[in-house]
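Below you'll find the structure, written out as structure tokens, and then a few comments.
The values are calculated or read from the model by the stated rules, or taken from the named source; none is laboratory data. Nothing here was measured: the structure is a model prediction, and the numbers come from that model. Here the Cβ positions follow ideal geometry from the backbone for every residue, glycine too, while neighbour counts run over all protein chains shown. Each accessible area value is taken on the protein alone, full model and side chains, heavy atoms only, with ligands, DNA and RNA left out. Shrake-Rupley method; radii C 1.70, N 1.55, O 1.52, S 1.80 Å.
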Amino acid sequence: MQSRLNGVKHADSHLQAVLQRGRFAVTAEIGPPRGANIAPIRRKAKLLRDWVDAANVTDAQSAVVRLASWAGCLVAMQEGVEPVMQLQCRDRNRIALQTDLLGAAGLEIPNVLLLTGDHPRFGDHPDAKPVFDLDSIQLIWTARTMREQRKLLSGRDLKPAPDWFIGAVENPFAPPLQWRAERLGKKIAAGAQFCQTQFIFDVKIFKQWMRHVRDLGLDKRCYILAGVGPIKSLRALEHMRREVPGMYVPDDVVQRLRGVPGDQVAAEGLKVCTEIITEVKQIPGVAGVHVMAFNWEDSIPEILERAGLSRRPVGVVVNK
Amino acid sequence: MTDLPRPFRPRGSIQAMNALHRVLDRKNPLWYGVAIVLRKTPPLYAAFTEVERLVKHRLFGCRMCGQCALPVTAYACPMTCPKQLRNGPCGGVAPDGSCEVYPGMRCVWLIAYERADSEGRLADMRRLQRPIDQRKWGQSSWVNYWVGEDEDLWTDEDAIADSPSLLLSPERRA
């Protein structure tokens with residue numbers, strides 16, 4: 001449901017409403033397929049519908065070509081799941097970025113997650129030209145400008161102006177650790193209203209980051225969702241540690257997963273994830289949790305249930 | 001711009017660079033005059049730009065973006081970042097400080113942070129840097145600086161508290 005008031009096409013973000021009401025929010029990730037097929041997205045959306053306040057549809061994650069985020073978002077909406085469209089700076093210049101942002105607003109996709117993106121080196125097209133015309137902070141800043149000043153970067157007016165609930169990512173575990181809270185501060189200054197963090201496996205470091213975030217008053221200006229996810233196998237563990245930038249899995253978690261028989265690693269990984277959610281829920285300033293289970297979205301309802309996060313009332317009304 | 005940027009550790013101390021920057025400060029009207037003459041005389045401009053390129057490339061790995069951020073990055077060049085981040089570092093920095101894209105090399109924004117910290121200039125890292133003009137590659141950043149074209153490349157230090165505007169008021173836009 002959107003309204004057009006005062007020349008702005010207002011987004012009606014259920015995720016934002018949940019967070020504003022002070023309810024602990026749950027978001028999850030839907031990875032689109034590598035093929036011209038939306039059925040997997042439908043299936044995952046149906047699976048997650050009762051459990052999440054919104055679901056991200058990733059955008060060429062890890063620089064690997066998959067079905068577009070915006071397309072996946074439309075499918076999610078048709079299935080009654082509010083989407084978060086992901087948009088990264090690696091593949092698009094400022095013209096395309098603003099174009100896609102307007103497209104999202106026009107289609108009534110209420111939430112956007114704006115990030116820099118992994119370098120093509122990691123993906124299936126390392127021979128592609130990296131764009132990076134803007135960085136994530138500039139992209140967030142651009143989105144806020146489009147919404148509040150109702151202008152494009154060129155200075156031209158937008159009629160009607162778009163509106164989204166603007167999200168950023170931050171990695172509390174990447175050096176320089178002491179700077180990571182202030183970096184979130186810069187994203188907030190640029191316009192970030194919510195933040196989904198990189199995977200948390202080291203709760204101690206995350207707690208330190210949250211303390212710093214609270215000291216800077218950033219938790220009052222931005223809703224922070226703790227990023228978590230289950231590790232499915234030892235192979236997945238090695239992949240995460242070697243191939244995924246910014247992923248930090250501490251030794252005690254590694255030992256734990258290696259310490260169980262091969263067929264029980266998935267169960268143990270699920271347990272670790274559930275425990276982390278239970279811990280981070282208690283940290284002041286954490287407004288919700290963001291569950292990432294790449295290729296294992298089926299595990300998400302069980303994780304949430306075990307972590308004591310009950311089914312959500314179905315809040316999205318989609319008139320499609 | 002088709003070369004692949006790799007993080008470059010700057011040569012020379014920050015103090016030396018700050019001293020040089022003070023000498024070349026645009027507040028001195030002499031430099032404005034120099035810039036105008038250079039712009040009006042293409043062969044001189046070309047020669048000057050080539051000298052600038054040689055010097056800055058040697059010291060900073062400069063790629064001649066034409067709109068220099070060095071004064072607020074402790075002279076670690078953000079255009080040597082493979083992702084061209086003007087507001088770095090990204091979240092992909094490895095635990096040992098390596099660049100996400102070039103694991104053997106230290107993240108240039110981490111270098112910038114460490115250098116700024118050692119000089120008590122972390123406040124510079126709080127500025128928001130505006131998108132660059134991609135048409136200026138190859139231009140002399142010194143000339144652009146002297147004529148005041150890059151006055152608004154970055155915000156004040158209080159950006160985090162202030163939520164500054166990206167767009168400048170029409171009077172100030174180039």
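Can you tell which of A:Arg221, A:Arg241 is within 19 Å of B:Glu100 (Cβ to Cβ), within 12 Å of chain B (Cβ to nearest Cβ) and surrounded by fewer than 20 Cβ atoms within 10 Å (Cβ to Cβ)?
A:Arg241
What about A:Glu297, is it within 21 Å of A:Cys73 (Cα to Cα), under 20 Å from the mean Cα position of the chain (by Cα) and acidic (Asp, Glu)?
yes
Since B:Arg106 meets every condition but one in (1) more than 11 Å from chain A (Cβ to nearest Cβ); (2) under 19 Å from the mean Cα position of the chain (by Cα); (3) open to solvent by 10 Å² or more (accessible area, probe 1.4 Å), which condition does it not meet?
Of (1) more than 11 Å from chain A (Cβ to nearest Cβ); (2) under 19 Å from the mean Cα position of the chain (by Cα); (3) open to solvent by 10 Å² or more (accessible area, probe 1.4 Å), only one is false for B:Arg106: (1).
Can you list residue pairs whose Cβ atoms sit under 9 Å apart, with the first residue in the range A:69-97 being on the phi > 0 side of the Ramachandran plot and the second being assigned to a helix (DSSP H, G or I) and open to solvent by 20 Å² or more (accessible area, probe 1.4 Å)? Count only pairs 6 or more apart in sequence or on different chains.
A:Gly80/A:Lys46
What helices (runs of 4 or more DSSP H) completely inside the range A:90-208 contain at least 1 residues that are open to solvent by 30 Å² or more (accessible area, probe 1.4 Å)?
Those helices (runs of 4 or more DSSP H) span A:94-106, A:136-144.
Considering (1) free of Cβ contacts under 8 Å to residues at least 24 places away in the same chain; (2) in contact with a His (Cβ under 6 Å, 6 or more places away or on another chain), say which one A:Gln196 fails and leave the rest.
If we test A:Gln196 against (1) free of Cβ contacts under 8 Å to residues at least 24 places away in the same chain; (2) in contact with a His (Cβ under 6 Å, 6 or more places away or on another chain), just (1) comes out false.
In the range A:244-265, which residue that is within 14 Å of chain B (Cβ to nearest Cβ) and more than 30 Å from A:Ala192 (Cβ to Cβ) is least open to solvent (accessible area, probe 1.4 Å)?
A:Val254
Based on this model, can you work out whether B:Gln139 counts as within 7 Å of chain A (Cβ to nearest Cβ) and within 25 Å of B:Arg39 (Cα to Cα)?
When the stated conditions are applied, B:Gln139 does not pass them.
If the requirement is being free of Cβ contacts under 8 Å to residues at least 60 places away in the same chain and either within 13 Å of another protein chain (Cβ to nearest Cβ) or in contact with a helix residue (DSSP H, G or I) (Cβ under 6 Å, 6 or more places away or on another chain) (or both), which of these qualifies: B:Asp150, B:Asp124?
B:Asp124
List the number of the failed condition for B:Gly138; all other conditions in (1) on the phi < 0 side of the Ramachandran plot; (2) in a loop (DSSP other than H, G, I, E, B); (3) open to solvent by 30 Å² or more (accessible area, probe 1.4 Å) hold.
(1)
For the subset of the range B:38-54 comprising residues that are of a type outside the set (D, E, K, R) and surrounded by 13 or more Cβ atoms within 10 Å (Cβ to Cβ), which member is nearest to the chain's Cα centre (by Cα)?
B:Thr49
Suppose the filter is more than 9 Å from chain A (Cβ to nearest Cβ), open to solvent by 30 Å² or more (accessible area, probe 1.4 Å) and at negative phi; does B:Pro95 pass it?
No.
For the range A:74-89, give me the residue count where each residue is crowded, with 20+ Cβ neighbours inside 10 Å and touching a strand residue (DSSP E or B) at 6+ places or on another chain (Cβ under 7 Å).
Total meeting the criteria: 9.
Could you figure out which of (1) of a type in the set (A, V, I, L, M); (2) under 30 Å from A:Arg241 (Cα atoms); (3) within 15 Å of the chain's Cα centre (by Cα); (4) part of a loop (DSSP other than H, G, I, E, B) isn't true of B:Ala112?
Failed condition: (4).
Only one of B:Pro131, B:Pro89 is at the interface with chain A (Cβ under 9 Å from one of its Cβ atoms), open to solvent by 10 Å² or more (accessible area, probe 1.4 Å), in contact with a helix residue (DSSP H, G or I) (Cβ under 8 Å, 6 or more places away or on another chain) and in a loop (DSSP other than H, G, I, E, B). Can you tell me which?
B:Pro131
Can A:Arg49 be described as surrounded by fewer than 22 Cβ atoms within 10 Å (Cβ to Cβ) and farther than 23 Å from A:Leu309 by Cα?
Criteria not met by A:Arg49.
Which residues, taken from the range A:52-64, are modelled with pLDDT of 95 or more and either assigned to a helix (DSSP H, G or I) or open to solvent by 30 Å² or more (accessible area, probe 1.4 Å) (or both)?
None; the set is empty.
So, in the range A:173-186, how many residues would count as being more than 9 Å from every other protein chain (Cβ to nearest Cβ) and either within 18 Å of A:Glu29 (Cβ to Cβ) or under 17 Å from the mean Cα position of the chain (by Cα) (or both)?
Residues in the range A:173-186 being more than 9 Å from every other protein chain (Cβ to nearest Cβ) and either within 18 Å of A:Glu29 (Cβ to Cβ) or under 17 Å from the mean Cα position of the chain (by Cα) (or both): 1 in total.
Which one of these is modelled with pLDDT of 95 or more and in a helix (DSSP H, G or I): B:Pro10, B:Pro43?
Exactly one of B:Pro10, B:Pro43 is modelled with pLDDT of 95 or more and in a helix (DSSP H, G or I), namely B:Pro43.
Being away from chain B (no Cβ under 14 Å), more than 30 Å from A:Met210 (Cβ to Cβ) and aliphatic (A, V, I, L, M): is that true of A:Leu67 here?
Yes.
Could you tell me how many of the residues in the range A:132-154 are under 14 Å from B:Arg130 (Cα atoms), within 9 Å of chain B (Cβ to nearest Cβ) and of a type outside the set (A, V, I, L, M)?
9
Can you tell me which of A:Val26, A:Val81 is within 19 Å of the chain's Cα centre (by Cα), farther than 27 Å from B:Leu85 by Cβ and assigned to a loop (DSSP other than H, G, I, E, B)?
Result of the check over A:Val26, A:Val81: A:Val81.
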